[in-house]
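Worksheet for the structure shown next.
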Amino acid sequence: MTTVRPVRLSLRAARHLAIGAQGLAATLPAGRLDARHLRRAMDQMGLLQIDAVNALARSHLLVLRARLGGTHDGVLRLLERAAYTRRPDQRSLTEYWSHEASFVQVSDWPLYRWHMRRGEQGEMWSGFARFGREEPRRITEALAWLDGNGPASSAELDAALGWGPGVRGPWGTRSNAKMALAWLFWCGQVGVTERVGFTRRYDVIERVLPDDVLAREVDEPDAHRALLSQAAICLGMGTADDLIDYHRLPKRVARTRIRELVEEETLLEATVEGWDEPAYVPAGLKRGRKQSRSVLLSPFDPLVWFRPRAERLFGFHYRIEIYTPKAKRQYGYFVLPFLHDDALVARLDVRFDRDRGVLEVPASWAEPGAWPSGGEPETSALEALATELRSLSAWCGGEGVSVSSRGDLADRLGRALGGADC
């Protein structure tokens, strides 16, 4: 048996691989966006985490913007057509639990059957599992009603079945229909057929996904290997923890699957400068030559969503402060990392004032040790950030940028924009 020597990577090379794999070094599409552009972005990411925070725009739309450009409404329409078209055989995306609640490619849905089967056995969030044990009749009734009547939201289903207020939990009261639908969704028996605003409407899975996808069976070990391989391709390189976190796989068994992928040379072991543990790269991965684009990233972008990896890879310590009381926030409510020249060089608290049509920057901070200090590099970074803020404002449908004085980058950024309100 041939011994494969470990790949050796400098930290900068590791960053370059990670950024390129995520499509953040490629040129933005020119002209009108279409399904091919979305499909390419999803191939690069594998999945798209859904988040409801809307201080600027929904997080998943910001993630797509970083790879597609376009306009907010144009990207939203593209995503909705892919995930919620009325014909199941024309859907390319669907919702399911992956990294978290996510859009996944329809072709990948069978890779989560292991997750669905474990859910049926009670391996799911404790509140859902308890509801499944205590209220099996409601779950059966909910599924039967959808089968006979078609799509419904949880509120519509509660009203149709005459159910009471629901179950009290740490996130408030969840209605009986919401709990029943969550259980059925986790177990793959219903899917999301459309959203009205941000409200899901569910239907039986046979009317959400095409027959050939539903008929495909993948056993658990094969599914884990496929998801780990996909994670390696989408990450470009990563430690075992990085690969496992991408699809939130069970840690102990996933490490065994990683060893199997190394043995069959689907993954190659790598050493990364300054890292204490080995990394893995997909066999045949080509190293691109392009530098990263200069772009603000969602906190839930796959490049940065696993905080330990962001710190190892970029020296970027990040804590989302949405749920932190305002007086205790260090950086701000909705803080976006700024990617520039293959590094995360700044972080900005950003929101969009829809009444004024202005992108607001309440705080802006240079990243210690990463922000260029003086001369042409700093000028270039400031100009790139100013251009990106103007572009983001236009993408949201706005006409200007307003920079407040908080943060060590605020004054310089305000000057680069030509004033505090530009």
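The values are calculated or read from the model by the stated rules, or taken from the named source; none is laboratory data. Please read all numbers here as calculations on a predicted model, not as lab measurements. Glycine gets a Cβ as well: all are built from the backbone with ideal geometry, and neighbour counts include every protein chain shown. Side chains are part of the model used for accessible areas, which takes the heavy atoms of the whole protein and leaves out ligands, DNA and RNA. Shrake-Rupley method; radii C 1.70, N 1.55, O 1.52, S 1.80 Å.
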Exercise. Could you list all residues from region 364-422 that are β-branched (Val, Ile, Thr) and within 29 Å of the chain's Cα centre (by Cα)?
Key: Thr387, Val401, Val403
Quiz item: Any idea which residue in region 267-300 is farthest from Pro372 (Cα to Cα), counting only those that are of a type in the set (Val, Ile, Thr) and crowded, with 18+ Cβ neighbours inside 10 Å?
Solution: Val281
Practice problem: Collect the residues in region 335-361 that are open to solvent by 30 Å² or more (accessible area, probe 1.4 Å) and either more than 22 Å from Trp305 (Cβ to Cβ) or of a type in the set (A, V, I, L, M) (or both), keeping them in residue-number order. | Solution: Asp353, Arg354, Asp355, Arg356, Glu360
Quiz item: Do any helices (runs of 4 or more DSSP H) entirely within region 234-352 hold 3 or more residues that are at pLDDT below 95, and if so, which?
Solution: none
Practice problem: Please find, among Leu61, Leu11, Leu48, the residue that is of a type outside the set (Asp, Glu) and over 30 Å from Val272 (Cα atoms). | Solution: Leu61
Quiz item: Which is surrounded by 15 or more Cβ atoms within 10 Å (Cβ to Cβ) and at positive phi, of Gly375, Gly407, Gly397?
Solution: Gly407
Practice problem: Taking the residues in region 27-54 that are touching a Cys at 6+ places or on another chain (Cβ under 7 Å) and of a type outside the set (A, V, I, L, M) as candidates, determine which candidate is surrounded by the fewest Cβ atoms within 10 Å (Cβ to Cβ). | Solution: Gln44
Quiz item: Of the residues that sit in region 219-244 and are open to solvent by 20 Å² or more (accessible area, probe 1.4 Å) and in contact with a Lys or Arg (Cβ under 9 Å, 6 or more places away or on another chain), which one is farthest from Leu9 (Cα to Cα)?
Solution: Asp219
